[in-house]
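Visitor: After the structure tokens below, expect a handful of questions from me.
The values are calculated or read from the model by the stated rules, or taken from the named source; none is laboratory data. Owing to the predicted nature of the structure, the values given are computational and were not obtained by experimental measurement. We place every Cβ from the backbone using ideal geometry, glycine too, and count neighbours over all the protein chains shown. Just so you know, the surface numbers come from the protein's heavy atoms only, side chains and all, with ligands and any DNA or RNA stripped out. Shrake-Rupley method; radii C 1.70, N 1.55, O 1.52, S 1.80 Å.
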Amino acid sequence: MGDGQASSGGNNLPWLTIIGLGEDGLAGLGDEAKRCIAAASVVFGGARHLELTATLISGERHPWLSPFERSVEAVVALRGQPVVVLASGDPFFFGAGVTLSRRIARAEMRVFPAPSSFSLAASRLGWALQDTVIVSLHGRPLDLIRPHLQPGSRILALTSDEHGPAQLAVLLVSSGFGQSRLTVLEALGGAREQMTSQIAADFSLADINTLNICAVEVVADTDARILPLAAGLQDGLFEHDGQITKREVRALTLSALAPRRGELLWDVGAGSGSIGIEWMLSDPAMRAIAIEGSPDRAARIGRNAVNFGVPGLTIVHGTAPQALAGLPSPDAVFVGGGGSEEGVMAAAIAALKSGGRLVANAVTTQMEAVLLDHQARLGGSLLRIDIARASPVGAMTGWRPAMPVTQWSWVKP
């Protein structure tokens, strides 16, 4: 099967039923969903789901295995038999239905969704769901919330366990958002449901239910680490040793790279990782690989990725072109360092997908000569970037020019 392709196996009759459960268990299900559970030869679900529906199940019970892919394989192996999968809330909102649909055609499924925990939380709070930031931190890094910490924002964050709310409070305080209101909504839809609000800096809630979702009303302190939504973030937000594509040049570079949803970028000679990080910040579906030969800089890129809320940035410690071998084909390539070394530009061009964009910056005459040669042979556009910044000259102010940058942009036929 190709990427994201579901296989029907020649049988398009619905045999798999995916049922969303709330904390109220069977009481929240319709008659048809109950009949499907009772008629199933095999029922998959978490231990809690199987317990909630135990009185109806007559077939085999299969608790989820770890890793989850093992259970997916077990479900697929039963194709054609009446199988039920029990999931939490809406199975197609950060749920098991999303994973199963990558392997099983929609025509083979029946789905009975329940309200998601996000919907329940919004209804309890009176928040407009369409105006609320939705983040799943269940089994995912807590740092994913960082780009969404914008003053005045409302965030609903699903956590992994009872420790999630306290860990989130610590992150808010350490990032300068300690005055934000943090509301913990526990066991929504069940008899144990409760809702408690505290200021993040004073958070002391204990004995939290494993099933919880956090609502954050974001309030920024004067020193809060707020990530602007425009390209070209301040250099000072990045940890770096001077090897960083400066703010104004970075904004022009990202514009030339022209990110599109879901694309993969190679950041060759990544330095601080600023280009790859801002590429990923443009949309949650973006992917990037930072290739860096210095171990210290590679480690620094990792820290920057976490602090900017893009922990999924892949870091390859190695020197191009050797380090590029075997990497997935990119939709875009940025060459920020090492481009004048033998074979680097050729390897990047060869790996780039058809229609992909390559952007390379030069501050040395050697790299500029490489770019001029490539433009003469392959076409594309050249841009000269000259920036001067006002700075003190004695008791007065004058313009201090930065090193000029030559930028070559090219689209592969």
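Visitor: Looking for something small (Gly, Ala, Ser) and surrounded by fewer than 17 Cβ atoms within 10 Å (Cβ to Cβ) - is there at least one such residue anywhere in the stretch 211-231? Working first, answer last.
Guide: At the first step, the residues of the stretch 211-231 found to be small (Gly, Ala, Ser) are 215, 220, 224, 230-231.
Of the ones still in play, those that are also surrounded by fewer than 17 Cβ atoms within 10 Å (Cβ to Cβ) are 230.
Yes, that holds for at least one residue.
Visitor: Looking at the stretch 80-87, is at least one residue surrounded by fewer than 18 Cβ atoms within 10 Å (Cβ to Cβ) and not in a loop (DSSP other than H, G, I, E, B)? Talk me through it step by step, then tell me what you get.
Guide: Our first condition is that a residue be surrounded by fewer than 18 Cβ atoms within 10 Å (Cβ to Cβ); within the stretch 80-87, this holds for 80-82.
When the remaining residues are screened for being not in a loop (DSSP other than H, G, I, E, B), the result is none.
Within the stretch 80-87 (the criterion being surrounded by fewer than 18 Cβ atoms within 10 Å (Cβ to Cβ) and not in a loop (DSSP other than H, G, I, E, B)), the answer is no, since none of the residues qualifies.
Visitor: Select from the stretch 331-370 the residues that are over 17 Å from Gly318 (Cα atoms) and among the hydroxyl-bearing types (Ser, Thr, Tyr) and write down the one among them that is surrounded by the most Cβ atoms within 10 Å (Cβ to Cβ).
Guide: Going through the qualifying residues, I end up with Thr364.
Visitor: Being open to solvent by less than 30 Å² (accessible area, probe 1.4 Å), outside any helix (DSSP H, G or I) and at positive phi, is that true of even one residue in the stretch 155-163?
Guide: The initial filter retains those residues of the stretch 155-163 that are open to solvent by less than 30 Å² (accessible area, probe 1.4 Å), namely 155-157, 159.
The next check asks that each one be outside any helix (DSSP H, G or I); those that pass are 155-157, 159.
Still in the list and also at positive phi: none.
Within the stretch 155-163, not a single residue is open to solvent by less than 30 Å² (accessible area, probe 1.4 Å), outside any helix (DSSP H, G or I) and at positive phi.
Visitor: Same structure again: Starting from the stretch 195-224, keep only residues that are hydroxyl-bearing (Ser, Thr, Tyr), then list their pairs with residues that are in a strand (DSSP E or B) whose Cβ atoms are within a distance under 6 Å, requiring at least 6 positions of separation or different chains.
Guide: Thr196/Val184; Ser197/Arg181; Ser197/Thr183
Visitor: With respect to Ala74, is the statement that it is touching a residue at least 12 places away in the same chain (Cβ under 8 Å) and in contact with a Phe, Trp or Tyr (Cβ under 9 Å, 6 or more places away or on another chain) true?
Guide: Numbers: touching a residue at least 12 places away in the same chain (Cβ under 8 Å): yes; in contact with a Phe, Trp or Tyr (Cβ under 9 Å, 6 or more places away or on another chain): yes.
Yes: the conditions hold for Ala74.
Visitor: Within the stretch 183-194, how many residues are farther than 16 Å from Ala122 by Cβ and without any contact (Cβ under 8 Å) to a residue 40 or more places away in the chain?
Guide: Step one: list which residues in the stretch 183-194 are farther than 16 Å from Ala122 by Cβ, which gives 187, 190-192, 194.
Still in the list and also without any contact (Cβ under 8 Å) to a residue 40 or more places away in the chain: 194.
Number of matching residues: 1.
Visitor: Looking only at residues in the stretch 88-118 that are assigned to a helix (DSSP H, G or I) and open to solvent by 50 Å² or more (accessible area, probe 1.4 Å), which one is nearest to Gly46 (Cα to Cα)?
Guide: So in the stretch 88-118, the residues assigned to a helix (DSSP H, G or I) come out as 96-101, 106-108, 117-118.
Add one more test, that the residue is open to solvent by 50 Å² or more (accessible area, probe 1.4 Å), and what stays is 106-107.
Numbers: Arg106: 22, Ala107: 25 Å.
For the stretch 88-118, the residue satisfying everything is Arg106.
Visitor: Pick from the stretch 164-208 the residues that are charged (D, E, K, R) and open to solvent by 30 Å² or more (accessible area, probe 1.4 Å): which of them is farthest from Ser88 (Cα to Cα)? Working first, answer last.
Guide: As a first pass, look at the stretch 164-208 and keep what is charged (D, E, K, R): 181, 186, 192-193, 202, 207.
Among the residues that remain, those that are also open to solvent by 30 Å² or more (accessible area, probe 1.4 Å) are: 181, 192-193, 202, 207.
Working: Arg181: 27, Arg192: 16, Glu193: 15, Asp202: 31, Asp207: 22 Å.
By that ranking, first place goes to Asp202.
Visitor: Follow-up. Pairs only if they're at least six apart or on different chains, beta carbon under 7 angstrom, first in the stretch 399-413 and free of Cβ contacts under 8 Å to residues at least 60 places away in the same chain and open to solvent by 20 Å² or more (accessible area, probe 1.4 Å), second among the basic types (Lys, Arg) and assigned to a strand (DSSP E or B); list them, first residue then second.
Guide: Here the result reads Arg400/Arg389; Pro404/Arg384; Val411/Arg357, each pair linking the stretch 399-413 to a residue that is among the basic types (Lys, Arg) and assigned to a strand (DSSP E or B).
Visitor: Sticking with this one: Scan the stretch 59-68 residue by residue and report those that are touching a helix residue (DSSP H, G or I) at 6+ places or on another chain (Cβ under 8 Å) and either under 14 Å from Gly95 (Cα atoms) or surrounded by fewer than 11 Cβ atoms within 10 Å (Cβ to Cβ) (or both).
Guide: If the condition is that a residue be touching a helix residue (DSSP H, G or I) at 6+ places or on another chain (Cβ under 8 Å) and either under 14 Å from Gly95 (Cα atoms) or surrounded by fewer than 11 Cβ atoms within 10 Å (Cβ to Cβ) (or both), then Trp64, Phe68 are the ones that fit.
Visitor: Sort out which residues of the stretch 48-91 are touching a Gly at 6+ places or on another chain (Cβ under 9 Å), hydrophobic (A, V, I, L, M, F, W, C) and closer than 16 Å to Leu16 by Cβ, and write them in order of number.
Guide: Those that are touching a Gly at 6+ places or on another chain (Cβ under 9 Å), hydrophobic (A, V, I, L, M, F, W, C) and closer than 16 Å to Leu16 by Cβ: Trp64, Val76, Val83, Val84, Val85, Leu86, Ala87.
Visitor: Please find, within the stretch 133-149, the residue that is nearest to the chain's Cα centre (by Cα) out of those that are part of a loop (DSSP other than H, G, I, E, B) and crowded, with 17+ Cβ neighbours inside 10 Å. Steps first, answer last, please.
Guide: In the first step, residues of the stretch 133-149 are kept if they are part of a loop (DSSP other than H, G, I, E, B); the result is 137-141, 149.
Going one step further and asking which of them are crowded, with 17+ Cβ neighbours inside 10 Å, we end up with 137, 149.
On the way: Leu137: 10, Leu149: 15 Å.
Looking at residues that are part of a loop (DSSP other than H, G, I, E, B) and crowded, with 17+ Cβ neighbours inside 10 Å, I get Leu137.
Visitor: Another question about this same structure. Do we find that Ser41 is open to solvent by 30 Å² or more (accessible area, probe 1.4 Å), at pLDDT 95 or above and within 27 Å of Arg192 (Cα to Cα) in this structure? I'd like the intermediate steps shown before the answer.
Guide: Working: open to solvent by 30 Å² or more (accessible area, probe 1.4 Å): yes; at pLDDT 95 or above: yes; within 27 Å of Arg192 (Cα to Cα): no.
It is false that Ser41 is open to solvent by 30 Å² or more (accessible area, probe 1.4 Å), at pLDDT 95 or above and within 27 Å of Arg192 (Cα to Cα).
Per-residue answers, yes or no, for (1) free of Cβ contacts under 8 Å to residues at least 60 places away in the same chain; (2) small (Gly, Ala, Ser); (3) part of a strand (DSSP E or B):
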position	(1), (2), (3)
Ala285	yes, yes, no
Ala290	yes, yes, yes
Ala305	yes, yes, no
Pro328	no, no, no
Ala348	no, yes, no
Leu371	yes, no, no
